[in-house]
Amino acid sequence: MLGKVQLPRRAQPGACRVHARYSGEASKPRGAGGRGGRSQQPGRGGGGRGPSPELFTQLQYAGQFWSRLFSGLPSEPAPPRQLPNGRAARPAHSTAGKTIEVLTNHVPLNVGVRVVHQYDVRISRVRDAVPGSTASSGQQGSGQGGGKPGRARRDARVSGQEAHAVLSTLLAGAAGASPAGAAGGEWVFDGSQALYSVEGDLRRRAAAAAASAGGVGGDGELQLQLAAAPAAGVVGGTYKVELKLVAALDVAQCLKEATQPPAPQLRTSPPDEEQSEGFLEPAGLPPPLAAPSPSPRAAALAVLDLVTRAEVAWDSDSVRTGAGSFMSYRLEDPLAPVKGLLQLKLLRGFRSAVAQVAAGTTLTIDAASAVVAGDGPLLGQLQAALAEGRNVSALAAELGNTKNSRRLEEALVGLEVQPSYSANRYKLSGKLGKSARSYMFESDGRKISVETYFKERYGITLRHPDLPCVLDKKGGALPIELLSVVKYQKRMSRLDSRQKAAYIRTAALKPADRMRAMREALARQLGSVGGRVARTFGLAPLSTRPEFLKVPAQLLPGPLLQVARQQAVEPGNKAPLQRLLTALDKALSASSASPLPRDIPIIWASAPKPGLSPDKAAADAEFWLKRAAAKAEEAYKQPSQMVIVVLPDKGGVGLYDAIKAAGDGKLGLATQVVNPAKAGLAGPGASSGPSPSYAAQLALSVNAKLGGATTRPAGRPQDWLPLLRGQRLMVLGADISRGAAAALSGRGGDQQLAAAEAESEAQVSAGVEYAAVVASVDSHAVDYRVQLSAQVAGNRDIVVSMRESVRRLLLQYGVPQGKEAAAAPRPVSELPEVLLMYRDGLSESQFDAALAEEFTAIVQACTDAGGPSYRPRISFVVVQKSHNTRFFPTSNEFTHKSGNVLPGTAVDRGVTDPHAFDFFLNSHAGIQGTNRAPRYTALVDEVGFTAEALQLLTHTLCHTYPACTRALSLPPAVRYADRAADRARALRHTVARPSGKQGRGVGWYDMLPSLAHAGHVV
């Protein structure tokens, strides 16, 4: 391992005589050391447990290696060009490595539709007409009083399946419309407010249907009656419909214009350093952009998305779990791998989207899965989970147990239920109340119990009044025996860590299984691509038998990586058990790091003391960590740098976050958490100690958190990045985390934990997000620093603190760890000459905002750090992981043992943007399931990267993450930023939240205490 690495700001000639190893296909330079041996399969670098002897060579041959690798590739920067929208244009397609062919999940489409009419739809249900309901939602039925008969009430807005059923009846002119919902197949509905049709006069037909049904027709409000149909999600009653023609869209023309090659413009680059005297305004800065509006291309693709999913979207067995994702109850996993107190179902299905790519209009199809709540009586589910084979009295006793009641509260959060006495539905708060017999509230001026209220109000005699009531979001009490869990409820966000792990194991499909599932989805669930609705809209597969598209790809050679024996920082305090320490000591020594010191002070045992609950331990984490650090400092006469904590084998849901909040947030102390089962401290493996692989992984993590590195690109920067010709490079990453910190196991438990959870939830309600910006500060891009901030960005995914964060990071460039950052302005000769930003977490609709705000902020930060004469060249690259494109090998020669494409597979043809500078890069060897290659899109490229240079640099960086012996799927800057943003959320810093008219609104941010270096979040 590399220890604390401080490399020169400019690479100097001559390299120390240490070893390097290959990671990929490239041949060893002639004369390199090593024993020869069998050749490595092309592109298999980045996987495996460690280098074989024949992969080692002397570092003195690194320059020769890189020269051979870049031989024949463009050596000069490409002239930076930009498209009319301000984004970077593609310089040319990559020719690096070996050209191969891969199979995609894109199906070519033929779009013949011309004009599509868009209608604005608003549907509401008259509440007074709901059968059996005379009270306001969430009040009368919840035992809160209120809800007086005859009180004026607002109509209920209708969407989803219920709205679709209303439209099907109205536009068909009679009941019994087809499941596809399109009478004659001439309209599609998005489930909310937009309806599209090839017919321009749908309202006349709707008015005639409403008039024949006795509703108001003509130019007045349309009304119709529908009977209740719970299976179809229809409550029933009188419905009001507003249908208005708002626009017309020529779909084919919009897509045709999107494929027309624009005339790229030469981008204005910043002046060179020697010409920058008197330079006041940054060059190449895009003008501020107004709020983005949907482009005609995006609108056309949205229409085609609805057409391709017209049949499955409204199937009564389908569950929409996200944009373009539909699961089916007919594809439920019979093994029920995800267990919970309440029933959970794992459903399988597909994810699809229509895309406009270089090969034309395509339909992307991917297999998908999701966890939904088990529907049916709530009492029956609880009986099966806690008192199977026993009576309800036994269930009441079980719910009196604090552990069971806490589990039930966590399972009920956000769950939607429907009572047997009303058509209204309620979302639960996750809190339990007293029993229906004991729960008292005021109604009509008198105290009354829930049991008595239901007897008098509804004539319902509760059979089990001793069971606790559940509370809805408004605090109303609902008897468990009267509730049923509503169907079609997603529960992915409510899974705990064990359930998520079980889901991932089950949902991960090998490439061959995924391809089989995709073909089945294309033939069955997405059969509407060749069906009646699609034909009406002029949409059809390009061939009579739809096939997935094959595209050319480049198999990039792996980089040459340097490993060295440098001193690692000595850990200050360790876990107490000698067997674990011995294994960790061996792993550190084998990895070239310093061994552990003898007589390590033991402060915190592997589990809390007898009688100390995990919740209490979490609340006191700061005390225990501070005490451990003090003992280590007393023993070694120097400040402690790390505390290793062995978690209890059971319980302590909030303990991990509490440890990180105390160590990183309060004490500035690195912490390493140890899983007792994997470490051989508990369970069946306790007698044999930790496995070598776990000890090795622990050693990597310890080394990284102490500021060490594992590998770096071998040789000088001008060797492995010749395009920059030795210019100083800073690699940045940025990401945003939103939502509450991980749930704490403390409802009704420790007050400190409850207060922390309440603070976290309050920040979410105020729109507070957490942003992280990281940057490399050395010449080999292995030493990263991090800046954290809390912000309010209005859910725009913009890093509001980008200017201040980048300014601080620039001032740390070249400064050793533990030293104070330099003061601004710094001499230009000490600052990086090239900035490469990898921005994570943006969708395509947010590109323009990032270009206008974040890129501008980076330019301004440069002026803040180095003065008006400092203007480095900047490349701004967006990294997207949440996309629908997948790649599959087409021959055994280029297939990884996992069944995936080989590491180093890059694609910039066929399924990429027709004109923008983007590519897909699969840099990692998949362990389980099917790889998803990240998509990289260069919004700004002032450097003049060629396609080969940017792909090879990104692939090289993916091999330098210190806590892993494999290549990552993403550059370390992205991984650090992602983990740091999540860590900032878990630290629970007290943030002044915006509130009221005087509160801080969108654009507010607050810099948080920074970590010593990015390795803390490994």
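The values are calculated or read from the model by the stated rules, or taken from the named source; none is laboratory data. Predicted model only: the values in this text are computed from it and were never measured. Virtual Cβ from ideal backbone geometry, glycine too; neighbours counted across all protein chains shown. Ligands, DNA and RNA are excluded from the accessible area calculation, which covers all protein heavy atoms including side chains. Shrake-Rupley method; radii C 1.70, N 1.55, O 1.52, S 1.80 Å.
Along Cα→Cβ, 7 Å out, is where each label goes; now give me the distance between the ones at ALA508 and GLU547 in nm to one decimal.
Spacing of the two 7 Å Cα→Cβ label points: 3.2 nm.
Amide H to amide H, which residues 5 or more places from LYS434 or on other chains are under 5 Å from it, using H placed in the peptide plane?
CYS469
State the Cα centre-to-centre distance between the range 375-389 and the range 421-445 in whole Å.
That distance is 20 Å.
Amide H of GLY376 versus every other amide H placed in the peptide plane: which residues, excluding those fewer than 5 positions away on the same chain, fall under 5 Å?
Amide H neighbours of GLY376: VAL485.
Amide H of LEU902: which non-local residues (sequence gap of 5 or more, or other chain) have their own amide H closer than 5 Å, using H built in the peptide plane?
Amide H to amide H, under 5 Å and 5 or more residues apart or across chains, LEU902 pairs with HIS896.
With a 1.4 Å probe and all protein chains kept in place, how much accessible area does LYS666 have, in Å² rounded to the nearest 10?
About 130 Å², ignoring ligands and nucleic acids.
Work out from phi, with θ = phi - 60° and the Karplus expression 6.51 cos²θ - 1.76 cosθ + 1.60, the ³J(HN,Hα) of each residue of the range 367-375, listed in order in whole Hz, and give x for Gly and Pro.
Running phi through 6.51 cos²θ - 1.76 cosθ + 1.60 with θ = phi - 60° gives 6, 8, 8, 7, 9, 10, 6, x, 8 Hz.
Report the accessible area of TRP314, computed with a 1.4 Å probe over the heavy atoms of all protein chains in place, in Å² rounded to the nearest 10.
50 Å²
With respect to the cross-link table entries LYS637/LYS819; LYS339/LYS490; LYS339/LYS678; LYS500/LYS897; LYS345/LYS487, which display a Cα-Cα separation exceeding 18 Å?
Correct reply: LYS637/LYS819; LYS339/LYS678; LYS500/LYS897.
With every protein chain in place, what's the accessible area of THR710 (1.4 Å probe, Å², nearest 10)?
Around 20 Å² of this residue is reachable by solvent.
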